[in-house]
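Shown next, in structure tokens, is the structure this report addresses.
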Amino acid sequence: MSSDCLFCKIIKGDIPGTIVYRDEQVTAFRDINPAAPTHVLIVPNKHIESVNMLIVDDEPLIGHLFIAAKKIAAQEGIAEDGYRLVVNTNAHAGQTVFHIHLHLIGGAPLKLQMG
Ligand code: 5GP
Ligand code: ZN
């Protein structure tokens, strides 16, 4: 936990968030400024600033994040139609919150094709 981190505060319940999924390792809540009809942020309960700060011991946690994403996509009813998972890292990707998070975006055809 980091006392001045927005997402740590949402995880702890100090700041309100619309939580859609929670387990012992991750918390997921709706993005305050959604880019599509479904936009959920999936974050580890452990404070990690970015992909650059991952250590080898985090490997199972990051796997867990993707399994949570799959479950939430099904829960949100967007698994069949499809969705995008995004992780921004540092300035060139436009990362604004420095607690690693997986964006789960879907619910409509996504206009910007990447990759
Ligand atoms: P990033 O740009 O770092 O990849 O994504 C940060 C995301 O956090 C943005 O999509 C932004 O809309 C979202 N966000 C910023 N502040 C809050 C907040 O207070 N609550 C919630 N639920 N989302 C937030
Ligand atoms: Zn944090």
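Every read-out reported here was derived from the displayed coordinates using simple, explicitly stated rules and does not represent laboratory data. Treat the numbers as computed from the prediction; the structure is a model and nothing was measured. Please note: Cβ atoms are built from the backbone with ideal geometry, for glycine as well, and neighbour counts cover all protein chains shown.
If you scan segment 1-33, which residues turn out to be of a type outside the set (Asp, Glu) and without any contact (Cβ under 8 Å) to a residue 12 or more places away in the chain? Please lay out each step first, then the result.
Filtering segment 1-33 for residues of a type outside the set (Asp, Glu) gives 1-3, 5-13, 15-22, 25-30, 32-33.
Matches in segment 1-33: SER3, LYS9, LYS12, GLY13, ILE15, PRO16, ILE19, ARG22, ILE32, ASN33.
Give just the number: which of (1) within 16 Å of ligand 2 (Cβ to nearest atom); (2) within 10 Å of the chain's Cα centre (by Cα); (3) more than 18 Å from ILE10 (Cβ to Cβ) does PHE66 not satisfy?
Of the numbered conditions (1) within 16 Å of ligand 2 (Cβ to nearest atom); (2) within 10 Å of the chain's Cα centre (by Cα); (3) more than 18 Å from ILE10 (Cβ to Cβ), the odd one out for PHE66 is (1).
Which of the residues belonging to segment 2-56 are among the hydroxyl-bearing types (Ser, Thr, Tyr) and under 18 Å from ASN90 (Cα atoms)?
As a first pass, look at segment 2-56 and keep what is among the hydroxyl-bearing types (Ser, Thr, Tyr): 2-3, 18, 21, 27, 38, 50.
Matches in segment 2-56: SER50 only.
Suppose we filter segment 1-53 for residues that are among the hydrophobic types (A, V, I, L, M, F, W, C) and touching a helix residue (DSSP H, G or I) at 6+ places or on another chain (Cβ under 7 Å); how many remain? Before you say what the answer is, go through the steps one by one.
Going through segment 1-53, the residues among the hydrophobic types (A, V, I, L, M, F, W, C) turn out to be 1, 5-8, 10-11, 15, 19-20, 26, 28-29, 32, 35-36, 40-43, 48, 51, 53.
Pick out the ones that are also touching a helix residue (DSSP H, G or I) at 6+ places or on another chain (Cβ under 7 Å) and you get 1, 15, 20, 26, 28-29, 40, 42-43, 48.
Number of matching residues: 10.
Does segment 1-46 hold any residues that are touching a Pro at 6+ places or on another chain (Cβ under 9 Å), polar (S, T, N, Q) and more than 12 Å from ligand 1 (Cβ to nearest atom), and which are they?
Answer for segment 1-46, where residues must be touching a Pro at 6+ places or on another chain (Cβ under 9 Å), polar (S, T, N, Q) and more than 12 Å from ligand 1 (Cβ to nearest atom): just GLN25.
What strands (runs of 3 or more DSSP E), lying completely within the chain, carry at least 2 residues that are out of contact with any Leu (no Cβ under 9 Å at 6 or more places or on another chain) and surrounded by 11 or more Cβ atoms within 10 Å (Cβ to Cβ)? Steps first, answer last, please.
Details: elements: 19-22, 26-30, 38-44, 83-86, 102-106.
In the chain, the matching strands (runs of 3 or more DSSP E) lie at 19-22.
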